[in-house]
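The values are calculated or read from the model by the stated rules, or taken from the named source; none is laboratory data. Remember, predicted model here, so these are calculated numbers, not experimental data. Note that we place each Cβ from the backbone using ideal geometry, even for glycine, and neighbour counts take in every protein chain shown.
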Amino acid sequence: MNEPTDPTPPPRSGLSIVVPVYRGAATVGLLVEALSALRPEGGLEIVLVNDGSPDDSGDVCRSLIETARVKLIYIEHARNYGEHNAVMTGLRHTTGAYVITMDDDLQNPPEEVLRLYDHARLGGWDVVYTRYAVKQHAPWRNLGSRFANKVADTLLDKPKGLYLSSFRCMSDLVVRSVTRYSGPYPYIDGLIMQITQRIDSIEVRHLPRAEGRSNYTLRRLVRLWLNLATSFSLAPLRMAIFAGAAMASIGTIGAVLTILEALWMHNTPSGWASTMVVILLVSGVQSMILGVLGEYVGRTFLSANGKPQGTVREIHRNRLEGTGS
């Protein structure tokens, strides 16, 4: 992580809220205003991380430094690195005993923040996720989220059925452990599952987007799934091994049948169809295995070459004390 150093340690807060900002110029000000009205136990700080947003989110966030009524930190990435990378940067600058991560689109009602915080704090939970009775996302996005959670059930050591939401609360213990990861492909939920099993969830409301459309495209969802599948699990490699073993077994059976055919059915054709089927099956599985291996090798190569998790261009603080309860 490349970032400017700040030698003055900030005072500690009860609750920190990390908000990755991308195309959020129209909503981030409303979000900060709503969060500023909260009075959590121990005080509040807000950390905004502008992840290379192409709109004027940076200007809006800088103006909030001057007007915010709570302790506010603004961090700007030098380019777009992705939501999880932006959250990792924000986590490194928090001072709260608990940290909540949430999006900038106002789909998570700010008034649910205190419920989430109090549930984690009073219940002694390391992490509390949120779940939604009704999700106000497009159908394809909901389908992608369900698929990712089903994959996570298999690949991650997580409680069965737990919904992995980006609106979550983590204790300082978990935050300190998560931020030790310095690789270029962070997947925060995967890191959490490696740290603790003291995890709970609560149901909260989910609102339609106040402005614009989701920044998550199909391509971004696929990249997120690849981070989940290849950064925190060897399951894809093991699946490739099983696929290779299965094809080897099928090939052996095919070879035996071919020999029997040659011995007992002398007038049969040369077996062109069966040969082509075997070739296509084997080459398809081999291509899949090479693709899985290539993904692991490529990520290892980029990590060894020091691809940054995120580069911070600037940091601004308003130095206000967090609001108390």
From the option list S270, S214, S231, single residue qualifying as modelled with pLDDT under 70, surrounded by 17 or more Cβ atoms within 10 Å (Cβ to Cβ) and out of contact with any Leu (no Cβ under 8 Å at 6 or more places or on another chain) is S231
I'm trying to understand the selection: among the residues of the range 85-125, which are on the phi > 0 side of the Ramachandran plot and either touching a strand residue (DSSP E or B) at 6+ places or on another chain (Cβ under 7 Å) or not aliphatic (A, V, I, L, M) (or both)? G124
Being under 18 Å from the mean Cα position of the chain (by Cα) and modelled with pLDDT of 95 or more, is that true of even one residue in the range 133-152? no
Does G96 satisfy the criteria of being modelled with pLDDT of 95 or more and either among the aromatic types (F, W, Y) or touching a Lys or Arg at 6+ places or on another chain (Cβ under 9 Å) (or both)? yes
Output the residue which, of all residues in the range 39-57 that are crowded, with 18+ Cβ neighbours inside 10 Å and over 23 Å from the mean Cα position of the chain (by Cα), is nearest to V87 (Cα to Cα). L44
Could you tell me whether R131 is among the charged types (D, E, K, R) and outside any helix (DSSP H, G or I)? yes
If you go through the range 72-83, how many residues are closer than 24 Å to T130 by Cβ and surrounded by fewer than 23 Cβ atoms within 10 Å (Cβ to Cβ)? 2
